[in-house]
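Let me begin by presenting the structure, written as structure tokens, before commenting on it.
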Amino acid sequence: MEKIAVIGAGQMGNGIAQVAASAGYDVLMVDIRQDFVDKGLSTIEKSLSKLVSKERMTQSDANDTIARISTSIDRNDCRDADLVVEAVPEVLDLKTSIFAELDRICKPECILASNTSSISISTIANSTTRPDKVIGMHFMNPVPIMKLVEIINGDKTSNATNAAVVSAAEHMGKTALSCNDSPGFISNRILCPMLNEAILALEEGVAKPEAIDGIMKLGMNHPIGPLALSDLIGLDTVLHIMNVLHDGLGDDKYAPAKLLQEMVAEGKLGRKSGEGFYKY
């Protein structure tokens, strides 16, 4: 595997492009507008500068990393990629249409991966003629720092595809752990109900946000409390994943907290909107 294309130059996409290029892959970062790819490349340059200033990377290696990244606003440029990683918003129709298009554009042996955090890999794979070569490659945010890549096998993902993607993730310096396709996979099936439970405790007046977060940080050794983490992830994202779990697993224990639904409706989404459980 030599060339990796990343679809989407946002927070996740530019992080994936950075770690792939740092590992020596030739990377193509694609988005729908030039200003999006320019912003993505600028974010990578700032991230690399920070690593150089902390002496975790040499200036020469940073220059080489940037040199290995090319950009485009035309998905047809993915035609010679060995692996494509899609990192666009969590909208099923958007993902399936992109995968159907990539299936037409890319060479037959190309692996198509999704960075989705909750959408079914088997459903995405069904929009292609190569479901054996479709897989989930769920990087964690922020990508350059977090060590895990959650690898999700769809119903028809081949062992060879899994092995190739695990190898690529490890080459990027990540630990790749595999699971089978199921709502929320492993990461969000366990994490988001815990966040939702913290929101329910707040909703019921059991404790104030600072106490809920403090108890989990100091008592359970969590680096960040569940309410602060919800603000960081985005309350709209937490709500979306809870709805995926509730609908997909058909169990009311996954029903999103009323307070969570109300805050999202009011536009209180956490850090990105300036207010969630805390003000920013």
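For the range 257-267, backbone phi angles converted through the Karplus equation (6.51, -1.76, 1.60; θ = phi - 60°) give residue-by-residue couplings of 4, 4, 4, 4, 4, 5, 5, 5, 4, 7, x Hz, Gly and Pro being listed as x. Using the Karplus relation 6.51 cos²θ - 1.76 cosθ + 1.60 with θ = phi - 60°, the per-residue 3J(HN,Hα) values for the range 86-93 come to 8, 9, 9, x, 6, 10, 4, 4 Hz, with x marking Gly and Pro.
For the chain, DSSP calls about 20 percent of its internal beta bridges antiparallel.
Centroid-to-centroid, using Cα positions, the range 1-57 and the range 115-133 are 24 Å apart. Within the shell defined by Cβ-Cβ distances under 11 Å, the residues around Ala87 carry a net charge of -2, with Lys and Arg each +1 and Asp and Glu each -1.
Close amide H pairs (under 5 Å, H built 1.01 Å from N) link Leu28 with Ile4, Ala5, Val6, Ser70, residues at least 5 positions away or on another chain. Shape class for the range 52-206: oblate, because the ratio a/c of the largest to smallest gyration tensor axis (alpha-carbon atoms, square roots of eigenvalues) is 1.5 or more and b/c is at least a/b.
Computed from Cα positions, the angle between helix 187-203 and the longest principal axis of the chain comes to roughly 30 degrees.
How high is the FRET efficiency from Ala163 to Asp80, r the C-beta distance, R0 22 Å, rounded to 0.05?
On the way: r = 22 Å, r/R0 = 0.99.
Between Ala163 and Asp80 the formula returns 0.50.
Size descriptors for the chain, from the alpha-carbon set: Rg then Dmax equal 19.3, 56 Å. Using the Cβ-Cβ distance between Asp132 and Asp35 with R0 = 35 Å, the FRET efficiency computed as 1/(1 + (r/R0)^6) comes to roughly 0.45. Per-residue ellipticity at 222 nm, computed for the chain from helices alone with -39500 (n - 2.57) per DSSP H run of at least four residues, works out to -15000 deg cm²/dmol. Packing, taken as the mean count of other beta carbons within 10 Å per residue, orders the peptides 90-96, 117-123 from highest to lowest as 117-123, 90-96. Among 132-140, 98-106, sorting by the average number of other beta carbon atoms lying within 10 angstrom of each residue, highest first, gives 132-140, 98-106.
Here is the short version for the chain: Cys78, Cys179, Cys192 have no other Cys C-beta closer than 4.7 Å.
Tell me, what is the Rg over Rh of the range 208-280, with Rh the Kirkwood radius over Cα pairs? The partial results should precede the final answer.
Working: Rg = 12.8 Å, Rh = 12.8 Å.
Result for the range 208-280 is an Rg/Rh of 1.00.
Residues whose amide H falls under 5 Å from that of Gly270, counting only those 5 or more places apart or on a different chain, are Leu235, Glu275, Gly276, with hydrogens built in the peptide plane.
So for each of 205-216, 226-237 I average, over its residues, the number of other beta carbons within 10 Å; can you give me the resulting order with the highest mean first?
On the way: 205-216: 15.2, 226-237: 22.6.
With the highest mean Cβ count within 10 Å placed first, the list reads 226-237, 205-216.
Would you mind calculating the gained length between Lys208 and Ser97 on full extension (0.36 nm times residue separation, minus the Cα-Cα distance), in nm to one decimal?
On the way: separation 111, 0.36 × 111 = 39.96 nm, distance 4.39 nm.
Once the chain is fully extended between Lys208 and Ser97, it gains 35.6 nm.
On the basis of the beta-carbon distance and an R0 of 45 Å, Glu55 and His222 show a calculated FRET efficiency of 0.95. Taking Cβ atoms as reference points and 9 Å as the exclusive limit, the residues near Ile121 contribute a net charge of -2, counting Lys and Arg as +1 and Asp and Glu as -1. Charge tally around Lys46: other residues with Cβ under 14 Å, Lys/Arg +1 each, Asp/Glu -1 each, net +1.
Read the figures in this text as sums done on the coordinates, not as results from a lab. Fair warning: this is a prediction, and the values are worked out from it, not measured in the lab. Counting neighbours? That spans all protein chains shown, and the Cβs are built from the backbone with ideal geometry, glycine included.
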